[in-house]
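Chemist: Encoded as structure tokens, here's the structure I'll be asking about.
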Amino acid sequence: YSKKLPKDDIALIKIREQGQTAKLTAKQLAKITMQKKDDKPLYRNEVLRVTGWGWMGARTPTTAARLDTSNNVQHSPAMLQQLAVNVFEDLNCANNPEYEDFYGAGAICVGSRKPGQDSCQGDSGGPLTRALPSGKRVLVGIVSNGVGCAYKNIPAIYTRVSHYEKWIADAIRLAPKGVTPM
């Protein structure tokens, strides 16, 4: 990622198994399968799930203030939130002047068909998943960028993980000796 080419909004981190500040059990921290390029592609209006700790309430796109559209102070939730969102056609984001520097092959255009439901500030980097027939979930995207929050039919940009499949595999393969990728 760089400010000059903001389309590559992705990073990998390694959580150390020893020396971590929090002890996490396998139930609390588990691997998730990532969408691959050859997997079934996303389709328009497909229902996905976004999860996060971000601000709650619709935020006006024209203000940086932490106020929702009713002039109430936005807040972060006490509990992890999740909600259903829909895949929008690429043109909904690609043709939006606010997104021209951010939208490309490595992005997914996602939003809600209902007002008041969206990812927001504080959700960035969080998972966007799809349900498999088995009931398990697969990671298809990462919360990236948007204009405002929670407006009906105004989508946001998510990083498409399948676009970075080779980059992720190379990063894991080239990890320093003694570092076991999660």
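The values are calculated or read from the model by the stated rules, or taken from the named source; none is laboratory data. In this text, all values refer to a predicted model and were calculated from it rather than measured experimentally. Quick reminder, even Gly has a Cβ in these numbers, built from the backbone with ideal geometry, and neighbours come from all protein chains shown. All accessible areas refer to the heavy atoms of the entire protein, side chains included, with ligands and DNA or RNA removed. Shrake-Rupley method; radii C 1.70, N 1.55, O 1.52, S 1.80 Å.
Chemist: Can you tell me how many residues in segment 78-117 are among the hydroxyl-bearing types (S, T, Y) and at pLDDT 90 or above?
Modeler: Initial filter on segment 78-117 (among the hydroxyl-bearing types (S, T, Y)): 99, 103, 112.
Now drop any that are not at pLDDT 90 or above, which leaves 103.
Total satisfying the criteria: 1.
Chemist: Let me ask something else. For P181, which of the numbered conditions (1) at pLDDT 90 or above; (2) in a loop (DSSP other than H, G, I, E, B) fails to hold?
Modeler: The failed condition is (1).
Chemist: Please state which of the following conditions T129 fails to meet, knowing it meets all the rest: (1) more than 18 Å from D8 (Cα to Cα); (2) buried (at least 24 other Cβ atoms within 10 Å of the Cβ).
Modeler: (2)
Chemist: Let me confirm something: among G122, G135, which residue is without any contact (Cβ under 8 Å) to a residue 40 or more places away in the chain and open to solvent by 30 Å² or more (accessible area, probe 1.4 Å)?
Modeler: Numbers: G122 fails: without any contact (Cβ under 8 Å) to a residue 40 or more places away in the chain.
Of G122, G135, the one residue that is without any contact (Cβ under 8 Å) to a residue 40 or more places away in the chain and open to solvent by 30 Å² or more (accessible area, probe 1.4 Å) is G135.
Chemist: Can you tell me which residues in segment 118-165 are at pLDDT 90 or above, under 19 Å from R44 (Cα atoms) and aromatic (F, W, Y)?
Modeler: Y158 - this is the single residue of segment 118-165 that is at pLDDT 90 or above, under 19 Å from R44 (Cα atoms) and aromatic (F, W, Y).
Chemist: How many residues are without any contact (Cβ under 8 Å) to a residue 24 or more places away in the chain, over 9 Å from S162 (Cα atoms) and charged (D, E, K, R) if we restrict to segment 32-53?
Modeler: First, pick out the residues of segment 32-53 that are without any contact (Cβ under 8 Å) to a residue 24 or more places away in the chain: 38, 40-41.
Now restrict to residues that are over 9 Å from S162 (Cα atoms): 40-41.
Checking the rest, the ones that are also charged (D, E, K, R) come to 40.
Looking only at that region, the number is 1.
Chemist: Same structure, new question: Would you mind stating whether Y164 is under 30 Å from Q74 (Cα atoms) and aromatic (F, W, Y)? Show your work before the answer.
Modeler: Working: under 30 Å from Q74 (Cα atoms): no; aromatic (F, W, Y): yes.
The answer is no for Y164.
Chemist: Follow-up. Here are some residues: V140, V147, V161. Which one is among the β-branched types (V, I, T) and open to solvent by 20 Å² or more (accessible area, probe 1.4 Å)? Before the answer, list the steps.
Modeler: Values: V140 fails: open to solvent by 20 Å² or more (accessible area, probe 1.4 Å); V161 fails: open to solvent by 20 Å² or more (accessible area, probe 1.4 Å).
Exactly one of V140, V147, V161 is among the β-branched types (V, I, T) and open to solvent by 20 Å² or more (accessible area, probe 1.4 Å), namely V147.
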